[in-house]
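Asks: Attaching a single structure in structure tokens format; questions to follow.
What follows is calculated from the coordinates using simple rules that are stated; it is not laboratory data. Only a predicted model underlies this, so the values are computations on that prediction, with no experimental measurement involved. As a convention, Cβ positions derive from the backbone with ideal geometry for all residues, glycine included, and neighbour counts pool all protein chains shown.
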Ligand code: GPU
């Protein structure tokens, strides 16, 4: 039954004006007519026309902020994985239909135009994408916020697959220019590196710490608009570029000046050159620490300057500002804030500390040990001498606190000190100097409290809290899956766009056979769309009637893509042995980038492609199994992929995935989860019911138990399970590498060999294999019953309400940030241009 039409589109959008604006832009930017312009030029022209609309709301928003003086959150993050802006901005302006019409009338295809935009990929994976979802929700909910980050010249590399191997290609995302950005040289800041700390007596007789003999760079902000959905609010993502500071004239420099000038120019060029492509992994590179301090110093300086333009007492800074640290990467912010407060505003240590500890809050995104940032003292103190001095003092005072609480307990100091064993431990600094430590899913937060950060929790339990992650339904349903979005709106109205829990009204349709058919039909059309993409990009033909079983996420051993492909090998063996067996056709879809130096991850990509070559072309299989590796997985093709998925693979080793957010995007698009009780999967199953998901494998307690007792022995499984043994032998007998049988030996060794690696099967792949295969059998059987499957899929959509980032942000606001809600004067809302 159709209840309500889509009433969310703004009626005030001036289509004719917009069309004129596009034509005008093509003319003035390129001296061309529409017919002569290239698709990229048309994208630029449309982008500028949309920016024009956005600019008015941006101005109004900031005028209103100026008037209302709301408390502001600065979301400090090394990564923002924004994805394309054009379509999202049009959606949030509620102008998708008129813009589409305008394009049609000009003989243009909006989809093709959107496809011209490079994905701004200033992030690796979940952590950066979460930051982007948060910005979308902050604007939509009407809170004053800045995202602060780095304008990397090269974002996440582009992945090409050649001969089954990953090749990294530089992502020169700015070559054609970015129509949405605004350069703001008037807010440039100087950032200083190196040198030494001196004590100087200033003109007022105060002794003061000053950094001397340093090199510096100029940080220049570029602002990107973050458009709220239908409320006229536009916040700002401020990303910093680095430029050399001109400090000499060509006619009056001596050799030393020249040397210094060249070095400073190089420093500026190098700092923002490239995003480190490591996910959940810390490499300890000096340039990375420079990046961190660079954008933090600039952001903190500007936050303070902005505050002081309106207020006179810096001691009350925390009443108007919160710094949320996205993992430990921005943690130098606490010391930089202390430095400015003491060295530039002459606050005492105690006064400065009181401000800092009420301003800063830290989010933990992983328990993976290799992701913990620890900087060698030598490097840190050489690069940031004044900052290091301040951290030493924070550490000294923190150790006194530990001793007061645990007199004589050296063990506590060893485990909790900020500086220990020649290293600066950034997580310890973030915990000691902030008012909040939060995990990103309930299970993750519990593990932090009971295991990883147990000592800190015991000492400061009041700081610990959970904020289960979320995603924006505007991008991942409204924009990414228009067919399903319209269907949902037709049944429950459009409230879900800004109030996702309303989508639960769909529950009553789960048993309605007509609705089930409609749903499956939409899913089918989305599968056809993805099949076309796969044919175009991979040259592989896939059958949209097969089960689309999808694992897309960064390639990491803990995420266990290897378990997935080993299971495909097992199914292949079964079908080869018994070609007549009952088998529902399945397409296994993978998409993943591997960190450039991560050997096992890269070999897993090669294995997936090698299995694909064999299985896809085996006449005995006859297309019943297809394996597809989607090249260059990123936000833009993710939107197509989620919409087309039947099965969502969320199979990390329990306890290892802090939350996961892809799991939520699949759920919202009506895929059923096969997964472990890890991260937010736990809460997903709680919402949708265990009967509408396929849960298998060790629990996090069991995993942690094994780990605390020295691991487990996979050889027993190898010896006793012929199916597993056969699959493992195929890794080293050339089944998938006839010319180089040893190609996958490292993967084999990672599962079995305790000699070449110190631990075998650290991620419990063999331990969970049987249970996974069993869960996959259940998936197949469930899919055979189309009505039951459709029911479960609809219920997944209907029960996804909790996982909107709007809910997550509201929790941050209510419990941590205490921001003021900003409402624009009525006449401005929805207004596009005057
Ligand atoms: N995450 Br730390 C990353 O994507 N990169 C990182 O460097 C670190 C964490 C992810 C977690 O792996 C994922 O479970 C979580 O959902 C996401 O952060 C957002 O919290």
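Asks: Based only on the alpha carbon positions, what is the Kirkwood hydrodynamic radius of the range 86-176, in angstrom?
Replies: 15.9 Å
Asks: If you don't mind, there's one more thing I want to ask. So for the pair residue 56, residue 97, with labels modelled 7 Å out along Cα→Cβ, what separation do we get in nm?
Replies: 2.1 nm
Asks: Under 18 Å from a point placed 7 Å out from the Cα of residue 690 along the Cα-to-Cβ direction: which residues of the range 757-777 have their backbone N that close?
Replies: 771-777
Asks: Next up: What ranking do 178-184, 159-165 get when scored by the average of other Cβ atoms within 10 Å per residue, highest first?
Replies: Ranked from most to least packed, the peptides come out as 178-184, 159-165.
Asks: So if R0 is 22 Å, what FRET efficiency would residue 175 and residue 305 give, r being the distance between their Cβ atoms, rounded to the nearest 0.05?
Replies: It comes out at approximately 0.10.
Asks: Under the classification rounded if a/c is under 1.5, otherwise prolate if a/b is larger than b/c and oblate if not, where does the range 710-752 fall, given a ≥ b ≥ c as square roots of the Cα gyration tensor eigenvalues?
Replies: Here the range 710-752 falls in the oblate category.
Asks: Quote to one decimal, in nm, the extra length available between residue 558 and residue 451 on full extension: 0.36 nm per residue of separation minus the C-alpha distance between them.
Replies: The span from residue 558 to residue 451 would gain 36.7 nm if fully extended.
Asks: Send over the per residue convex hull volume for the chain, Cα only, as a whole number of Å³.
Replies: 183 Å³
Asks: What distance in nm separates the simple spin-label points at residue 720 and residue 584, each placed 7 Å from Cα in the Cβ direction?
Replies: 3.1 nm
Asks: Further, regarding this structure: Take the alpha-carbon centre of the range 542-594, take the same for the range 399-464, and report the distance between them in whole Å.
Replies: Each part's Cα centre sits 42 Å from the other's.
Asks: What is the calculated FRET efficiency for residue 499 to residue 71, with r their C-beta to C-beta distance and R₀ = 22 Å, to the nearest 0.05?
Replies: Calculated value: 0.40.
Asks: Write down the percent of antiparallel bridges among all DSSP beta bridges whose residues are both part of the chain, to the nearest 5.
Replies: Around 45 percent antiparallel, to the nearest 5.
Asks: Between residue 759 and residue 414, what FRET efficiency comes out of the Förster formula 1/(1 + (r/R0)^6) with R0 = 25 Å and r the beta carbon distance, rounded to 0.05?
Replies: Efficiency computed from Cβ-Cβ geometry: 0.55.
Asks: For the range 160-185 and the range 612-669, what is the separation of their C-alpha centers, rounded to whole Å?
Replies: What the calculation gives is 24 Å, centre to centre.
Asks: Please give, to one decimal in nm, the separation of the simple spin-label points placed at residue 259 and residue 574, each 7 Å out from Cα toward the Cβ.
Replies: Distance between label points: 7.0 nm.
Asks: Sort out for me the Cα centre separation of the range 280-319 from the range 82-107, rounded to whole Å.
Replies: 35 Å
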